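The values are calculated or read from the model by the stated rules, or taken from the named source; none is laboratory data. Source: prediction; values computed, not measured. Cβ sites come from the backbone with ideal geometry, for glycine too, and all protein chains shown count toward neighbours. Calculation scope for accessible area: heavy atoms of the full protein, side chains included, ligands and nucleic acids excluded. Shrake-Rupley method; radii C 1.70, N 1.55, O 1.52, S 1.80 Å.
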Amino acid sequence: MLRLSVPLRLALARLTLPLLIAAAFGVMLLGKADAVLVERGRMALADLLAPVHAVLSEPIGAVRGAVAEVEALLALRSENARLREENERLRRWQAAALALEQENATLRRMTGFVADPMPAFRTARVVADAGGIYARAVLLRTGPEIQPVRGQVAMDDRGLAGRVTEVGTRSARILLVTDLNSRIPVVLEGSGARAVMAGTNGPRPRLQHWPEGTRPAEGQRVVTLGDAATVPGGLPVGVVRWTESGAAEVELFARLDRLDVLRLFELGLSGILPPEAVARPQPRTRR
Amino acid sequence: MRRRGVTFSLGWLVASLDRAARASAPAALAVLLMVVATVPPDLPSAVPALALGSVLFWTLFRPAAMGPPVVFGLGLLQDLLTFSPLGVGLLTLLLAQGVALRARRRLVRQPFLVVWLAVAAISAGALALGYGLNAALTWALPPPEPALHLLALAIGLYPPLALLLTRLHRRLERAEGAA
C-alpha cells in the first residue's frame, strides 16, 4: 500500500462518493449507448447464477406446493362441486370431439388434404423472475441441449405464455405476454379476424386493432396467428372478455402467476431473422 | 521475531483471511439476499428493497464495511438482476448512502423507531428518484403502482432485515474484540 499522509487519505476518502456518482452517470450513458453490451452482461450474470437459481428453486417450489395444498384443502367442497360439473361438460365434449375426429379423418382422405406438421418443442424449467419492477419476464434454465432462439414462443400446459427475448448459454429470458412491451398477433377463432394482443403489465392483456365490422364477441377463443417463420399458428391464447369501460381484454389460458415449466416451440426457419442469420441460414432440424 | 516489512507466517495469513472475511461479510450477505429474492418468479421483486435496506443499515452502523465502491457494485448487481436500465439502482443507492452518511451522527444514537422512520424517508426519496430515472431512461412514464409496492416492501422489510443484520453486526464486533 502506498504511504499516504492522513489528511490526504481523508481527502481521498471524501472524494470517492462524488467520483462514484459521476461514474454512475457514465454507466448510465454506457447503458443507453451500447444496449448489446448490457444485454450480454445481464445474460452472463444470469448464466453465472443459473446453478444458484436451480438449487434455490427446489425448496421454494416445495413451499409453494405446500401453500397450494393448504389452500386446496380449505376449498375442498366447492372445488369438488366445480370439478364434477366440469367433468360432465368435458365428457359431452369428448363424445363430440370423437365424432368430429372421425368425420375429419374421412374428409381428409376424401380431399387428399395435407396437414401442417405439429411443431416440435422442448421443455425448460422456470427458475427466477427476470422482470424486476416494471416488466414481466421470467428466466428459464436451459442446458446445452436446448438452444433457444430469439422470438421463439413459450407455452405452459394451457396456453401461450411469452416469447424469448434474450439468450445466454445456460439461461433464457422470456418476456411474458402481460408485459408492457409485448405485442402478439392473434386470430379470433370463428370470425377469423386478426388482431393484436398488447400487454399492459396487468393480469389481462388488451386486444387491439381488429378490422372494422368484426367486433370480438364475449367468450370468443383467441389463438396465435401463425406467420411462416416465427410463430406456429393456432396455439391457444385465451378468451375474449369485455370490461365495463368498453375495452376488449384477453383472459389467458396460461397461469402466469404459477409458471413451472415452459415449452419452447422449435421453428422451421430462424425465428426473428437478424441480419447475420439471413446471410447464413440455419439448417432445418430433421426429426 | 519482528522483522522489517511483512511478517510472513501462517498465523498472519489466517488472521488476514479473518479480517478479509469480516470486512466482506456484510456485502456478501447483501448479495446473497438479493440473489435469493429473485428466485420466486411470482412474487413482486424485493431486490431493490433489500439492497436499499442493507446499504442504509451498514452505512449507519458500520460504514467501513460498506464503502462507496461496494455500494457501486451492489447497485450494478441490482440493475443487472432486475433487468432495469443500467444506472437506476446505482445512482439511487449511492445517493442514499450519501444522505445516510450525512445524517449518521444524529441517527446512530436514536432508538429503533426513529431510525426506521429515517430509513423510510430516505427510501421514499430514493425510490422516487429511481422512478424518475426509469422514466428518463426509457422515455416512457412507468406505472406508479409497482413503485409504491416497492416502497411498502422497503419500509416493511426493514425491521426483519435490521434484526438479521444486527446479529451479524454483534458477531463481527465480538470477533473483532477477541482478535
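Being open to solvent by less than 40 Å² (accessible area, probe 1.4 Å) and more than 7 Å from chain B (Cβ to nearest Cβ) is the filter; apply it to the stretch A:27-46 and report the residue that is nearest to A:Val126 (Cα to Cα).
Among those that are open to solvent by less than 40 Å² (accessible area, probe 1.4 Å) and more than 7 Å from chain B (Cβ to nearest Cβ), it is A:Ala46.
Go through (1) farther than 20 Å from A:Ala135 by Cβ; (2) without any contact (Cβ under 8 Å) to a residue 12 or more places away in the chain; (3) of a type in the set (A, V, I, L, M) for B:Leu80 and report which single condition fails.
B:Leu80 satisfies every listed condition except (1).
Got at least one residue in the stretch B:131-143 being touching a residue at least 60 places away in the same chain (Cβ under 8 Å) and either within 13 Å of chain A (Cβ to nearest Cβ) or surrounded by 15 or more Cβ atoms within 10 Å (Cβ to Cβ) (or both)?
No - not one qualifying residue is present in the stretch B:131-143.
Given B:Leu74, B:Leu101, which one is in contact (Cβ under 8 Å) with a residue 40 or more places away in the chain, open to solvent by less than 20 Å² (accessible area, probe 1.4 Å) and in contact with a Leu (Cβ under 9 Å, 6 or more places away or on another chain)?
Testing whether each residue is in contact (Cβ under 8 Å) with a residue 40 or more places away in the chain, open to solvent by less than 20 Å² (accessible area, probe 1.4 Å) and in contact with a Leu (Cβ under 9 Å, 6 or more places away or on another chain) leaves just B:Leu74.
Only one of (1) part of a loop (DSSP other than H, G, I, E, B); (2) within 14 Å of the chain's Cα centre (by Cα) is not met by A:Arg163, so which one is it?
Failed condition: (1).
In the stretch A:126-153, which residue that is part of a loop (DSSP other than H, G, I, E, B) and among the hydrophobic types (A, V, I, L, M, F, W, C) is surrounded by the most Cβ atoms within 10 Å (Cβ to Cβ)?
Ranking the qualifying residues of the stretch A:126-153, first place goes to A:Ala130.
Quick test of your reading of the structure: B:Trp58 fulfils all but one of (1) surrounded by fewer than 24 Cβ atoms within 10 Å (Cβ to Cβ); (2) touching a helix residue (DSSP H, G or I) at 6+ places or on another chain (Cβ under 7 Å). Name the failing condition by number.
(1)
Could you tell me whether any residue of the stretch B:38-45 is open to solvent by less than 30 Å² (accessible area, probe 1.4 Å), touching a residue at least 40 places away in the same chain (Cβ under 8 Å), under 23 Å from B:Thr166 (Cβ atoms) and facing another protein chain (nearest Cβ under 10 Å)?
Within the stretch B:38-45, none of the residues are open to solvent by less than 30 Å² (accessible area, probe 1.4 Å), touching a residue at least 40 places away in the same chain (Cβ under 8 Å), under 23 Å from B:Thr166 (Cβ atoms) and facing another protein chain (nearest Cβ under 10 Å).
I'd like to check which strands (runs of 3 or more DSSP E) are fully inside the stretch A:174-235 and have at least 1 residues that are hydrophobic (A, V, I, L, M, F, W, C), touching a Lys or Arg at 6+ places or on another chain (Cβ under 6 Å) and farther than 16 Å from A:Phe253 by Cβ.
Of the strands (runs of 3 or more DSSP E) lying wholly inside the stretch A:174-235, those with at least 1 residues that are hydrophobic (A, V, I, L, M, F, W, C), touching a Lys or Arg at 6+ places or on another chain (Cβ under 6 Å) and farther than 16 Å from A:Phe253 by Cβ span A:194-198.
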